[in-house]
Amino acid sequence: MKRRDFLKSVSGLAAGAALPAMPSVISSAQADARSETLLIVSEGGPNNLDIHGVGTNVPGYEVSWNCYDRLISHEMKSGPGGVPYYDRDKFKGELAEDFRIDDMSVTFKLKKNAKFHDGAPVTAKDVKWSLDRAVSVGGFPTFQMSAGSLTKPEQFVVIDDHTVRVDFLKKDKLTIPDLAVIVPCIVNSELVKKNASEKDPWGLEFTKQQTAGSGAYKVTKWTAGTEVIMERNEDWVGGPLPKIKRVIWRMVPQAGNRRALLERGDADISYELPFKDFQEMKANGKLNVVSLPFSNGIQYIGMNVTKPPFDNPKVRQAIAYAMPYQKIMDAVLFGLGNPMFGAPKDKATEVAWPQPHKYNTDMEKAKALLSEAGYANGFETTISFDLNFAGVNEPLCVLVQESLAQLGIKTTINKVPGANWRTELNKKEMPLFTNVFSGWLDYPEYFFYWCYHGNNSVFNTMSYKSAAMDKLIDGARTAAAIGDKTAYDADVKGFVDLAFTDIPRIPLYQPFVNVAMQKNISGYQYWFHRRLDYRAMAKG
Amino acid sequence: MLTMIGKRLMFAIPSLIGVVIVTFLLTRALPGDPAAYFAGPAATKEAVEQIRKKLGLDKPLIEQFFRYASDLAHGDFGNSLTTGQPVATEIRNRLPASAELTLLGLIVSIVIAIPLGVLAATRPGSWIDHLCRVTTTAGVSLPVFFTGLVLVYVFYFRLGWSPAPLGRLDVFYSVPPTVTGFYLIDTLIARDVEAFRSALSQLILPATTLAVFSLAPIARMTRASMLAVLASEFVRTARASGLSPATVIVTYAFRNAMLPVITTLSMVFSFLLGANVLVEKVFAWPGIGSYAVEALISSDFAPVQGFVLTMAIMYVLLNLVIDILYGVIDPRVRLEG
């Protein structure tokens, strides 16, 4: 090609490029598709479509929840602000038509017409194989199952083609709720076994890339880091047929663009936006913004109690009086959180969790306590946070740093990259840090078992050990299992009180899950996992 | 010619080996423990160890390296842990997205910058020279993500002319069957005009963003090199011989001024390909830049190594093409292997 011809063709191309910048004409078939399609935009997407996989991330849970069924699920009740909220105590069958709880076992009758996406019937064999898989693959799923005392394949017994019994190892109030979380999902065992290998007996490589369940949706296309497309399963029997035919879930890394997409009406739903955006969108009223507290979740400041100066309860109390609570609520969260501080002096402890403690910002008291502990001139320390949640953590830590400086405590801020955060938590060496813990199962003793018990789980980030605390927590668990309400109430009040006097971690607030959606989207439900349930949603 | 190409490729091998070794060591030197990351927040120490074993990270470094090298020799780049996909497939899927965007950005940039540079050189000190100076200074001083966000804000959010910044194609169009991986070409092959328009309109804003950024080096280089050539004796001779100004500038001066411009172009291209991470982030573009950065953040070794290696190979090939182009443009440049 001659250079002149080349230049001509290039300018021709440029002229052509200018034309289609106008909005393209949409054919009517596409308009129909739009009204039955839900377009979700979020920052991150799944890395694995199977929750039993190695290192499946939280967006992956959402796929599992919508594409697989469990034996049972929760009923809905009306939550804060009239938003449907899962009912912690009421269960309904999903794959199970009927279930009977006996003293040491629970028996499920399966729905006879239930089918997997490939048309194979759901049988008791599949149920047993799936539950065996959940307790055997190791990692997170096995860990979650063990939280409900479900640990051995022998616990799952096939009675006939449509009946399964789950035997209890011991009495545990959490066993039934644990069968309704995301992990014990029912997998198409024949299909997966066909695609398993000797190295991978549970077929994790296969289910990582495609869904093999009986759920209301199936993944038809997944491009990691870009999009997930799900289509409705027309033969779903787990509940009423969902109204949304197709779900397109796109990853849009830029928060500003996610907001623009929502405000222009191109995207239907988004979460993971900065609090400021949510607050502004709430105020201008063009979109529906739902803000609900994390069930059983708290953002806190933790202190390593094994090392000075935080091994001294007086120092910890001083810090608790020095926290800039209200500033954090206003400047960091823009009010989108439930305060967990400043309860009235005479308020009796409740049998509930989370509940606010009685500390308030009181620098005089903090100073007095600090000099009593022998640190009148303060000390030097480091406060660490997870960079993955820098939007909240960074301003929060700066406010804390500022406040502690008034006590003469010199704080350096240590920003830990997301990849390192878990390693650092596990080491239990950080003196001062902020973090969130939220339990799927909404019971006080569950929270305390993971966060305060002396068996020192990863979530006991403070390395807190107290014989009195362990006794109260264990007492509450036993009391709950046998249904002794008086003992249970006394123990729960006991451990809450102890946690507030000993104060190894300072609860700051209960975070909100914020979801913004178009006005024509209805049916949003709050679930313990805080992800979207497309099955109840409708458009228009 | 062929022996020259062969020789050049041979020389590239040691540098590629060097790249393999350095990226391997660098990724290992990164802070962060992938095993702990992928074991999840609730993992016990044993679970972390289990995963470490599964990933082969418990082996000595030298053994890990040889295993990696032998996998590479078999064309296996390893698996990404964050996306769960083989790295080779991911790069193959994502490279065309980045390349299409970068090429288009570069073409837009060339179309604007070269005439601007030539005009500025022929009329130094005039308004067009000042325009050239102002545009290039502005272009290079605006951060890429800022230009991108402003363009999105104005043309999508405010005016609504541009489609939603949601990647390469409107969500309701289906992807054309892959032939080249370039949607503009693939949609035309599939004779899907609507999808072509969609793909093109998705490309305009990000390509413009890149073009604004790369305008400066190209325009300035064209101007400088044109000025030098225009002052040379053969141009004076041509003018004295009464050739028309257009012939003098286009046929004589411009061709001779091309060499440094081509060199700049190659640098700008490779720079854009790697550095359009921010543009990819702003426009949710499924390219390799954002892929590599995400991998880096989660200390996911395989994609980072794969990315650096791919870029190194592209760089070698690009340099080769540029060298060949030199010979075509200026017969005086003879390549010795």
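Can you give me the P(r) profile for the stretch B:237-328? Cα pairs, bins 5 angstrom wide beginning at 0, each as a whole percent.
Once binned at 5 Å, the Cα pair distances of the stretch B:237-328 give 3, 12, 15, 14, 13, 10, 9, 7, 6, 4, 4, 2, 1, 0.
Could you list A:Asp167, A:Asp502 so that the one with the fewest beta carbons within 10 Å of its beta carbon is first and the one with the most is last?
With the fewest neighbours first, A:Asp167, A:Asp502 line up as A:Asp167, A:Asp502.
When A:His74, B:His130 are ordered from fewest to most other Cβ atoms inside 10 Å of their Cβ, what list results?
Details: A:His74 21, B:His130 11.
So the ranking, lowest neighbour count to highest, is B:His130, A:His74.
Just rank B:Arg236, A:Arg531, fewest to most, by other beta-carbon atoms within 10 angstrom. Before the final figure, lay out the partial values.
On the way: B:Arg236 12, A:Arg531 21.
Final ranking by Cβ density, sparse to dense: B:Arg236, A:Arg531.
What shape does the stretch B:189-246 have by the C-alpha gyration tensor, where a ≥ b ≥ c are the square roots of the eigenvalues, rounded means a/c under 1.5, and otherwise prolate means a/b greater than b/c and oblate the rest?
Judged from the Cα gyration tensor, the stretch B:189-246 comes out oblate (a/c at least 1.5, b/c at or above a/b).
Can you list, largest first and rounded to whole Å, the semi-axes you get for the stretch B:65-135 by taking the square root of 5 times each eigenvalue of its Cα gyration tensor?
Working through the eigenvalues yields semi-axes of 47, 13, 10 Å.
Compute from the Cα atoms of chain A the Rg and the Dmax, the latter being the longest Cα-Cα distance, and quote both in angstrom.
26.0, 93
Going by amide H atoms built from the backbone, whose H comes under 5 Å of the H on A:Ile51, apart from near neighbours?
Here the answer is none, since no amide H 5 or more places off falls under 5 Å of that of A:Ile51.
How about A:Lys410: which aspartates and glutamates have a C-alpha closer than 19 Å to its C-alpha, ignoring those fewer than 8 places off in the same chain?
Leaving aside aspartates and glutamates fewer than 8 places away in the same chain, those within reach of A:Lys410 are A:Asp311, A:Asp362, A:Glu364, A:Glu372, A:Glu380, A:Glu394, A:Glu402, A:Glu429.
Can you work out ³J(HN,Hα) from phi for every residue in the stretch A:518-535, in order, using Karplus 6.51 cos²θ - 1.76 cosθ + 1.60 and θ = phi - 60°, giving whole Hz and x for Gly and Pro?
Listing the rounded values in order: 5, 5, 7, 9, 10, x, 5, 10, 8, 10, 4, 7, 6, 9, 7, 10, 6, 5 Hz.
Please provide three numbers in whole Å: the alpha-carbon extents of the stretch A:297-512 along the principal axes, with the largest listed first.
Reported extents, whole Å, longest axis first: 49, 39, 34.
Which of the lysines could a cross-linker bridge to A:Lys245, judged by Cα under 18 Å and excluding same-chain residues fewer than eight apart?
A:Lys218, A:Lys221, A:Lys539
Which three numbers, in whole Å and largest first, are the semi-axes of the equivalent ellipsoid of the stretch B:173-219 derived from its Cα gyration tensor as √(5λ)? Working shown, then result.
Working: eigenvalues 140, 24, 11 Å².
Square roots of five times the eigenvalues give 26, 11, 7 Å.
With all distinct Cα pairs included, what does the Kirkwood hydrodynamic radius of the stretch A:451-536 come out to in Å, to one decimal, could you say?
Values: mean 1/r = 0.0627 Å⁻¹.
So the Kirkwood estimate lands at 15.9 Å.
May I ask for the Kirkwood hydrodynamic radius of the stretch B:68-215, worked out over all distinct Cα pairs and given in angstroms to one decimal?
Working: mean 1/r = 0.0560 Å⁻¹.
Its Kirkwood hydrodynamic radius stands at 17.8 Å.
Per residue and in Å³, how big is the convex hull formed by the alpha-carbon atoms of the stretch A:230-323?
Numbers: hull volume 20.4 nm³, N = 94.
Per-residue hull volume (Cα only) is 217 Å³.
Whole number please: convex hull volume per residue, Cα atoms of chain B, in Å³.
In chain B, the Cα hull volume divided by residue count equals 186 Å³.
Can you give me the convex hull volume of the Cα atoms of the stretch A:271-325, divided per residue and expressed in Å³? Spell out each step's value before the answer.
Details: hull volume 7.1 nm³, N = 55.
Per-residue hull volume (Cα only) is 129 Å³.
Enumerate the aspartates and glutamates that A:Lys112 could reach by cross-link, defined here as Cα to Cα under 18 Å, with residues fewer than 8 away along the same chain left out.
Hits, sequence-local ones excluded: A:Asp69, A:Glu94, A:Glu97, A:Asp98, A:Asp126, A:Asp160, A:Asp161, A:Glu190, A:Glu234, A:Asp235.
How large is Rg over Rh for the stretch A:121-168, taking Rg from the Cα atoms and Rh as the Kirkwood inverse mean of 1/r across Cα pairs?
Numbers: Rg = 10.7 Å, Rh = 10.8 Å.
Rounded to two decimals, Rg over Rh is 0.99.
Given the -39500 (n - 2.57) contribution per DSSP H run of 4+ residues, what per-residue ellipticity at 222 nm results for the protein assembly as shown, rounded to the nearest 500 deg cm²/dmol?
Numbers: 31 runs with 413 residues, N = 877.
Value at 222 nm, helices only, nearest 500: -15000 deg cm²/dmol.
How big is the Kirkwood radius of the stretch A:499-539, worked out from every pair of different alpha carbons and given in Å to one decimal? Write out the running numbers ahead of the final one.
Values: mean 1/r = 0.0758 Å⁻¹.
Evaluated over the stretch A:499-539, this radius sits at 13.2 Å.
May I ask for the percentage of alpha-carbon pairs in the stretch B:115-169 that lie more than 17 Å from each other?
Values: 826 of 1485 pairs.
Within the stretch B:115-169, distances greater than 17 Å cover 56 percent of Cα pairs.
Every number in this text was worked out from the coordinates using simple rules, so none of it is lab data. Worth saying up front: this structure is predicted, and the values here are computed from it rather than measured. Cβ coordinates were reconstructed from backbone atoms using ideal geometry, including for glycine residues, and neighbour counts include every protein chain displayed.
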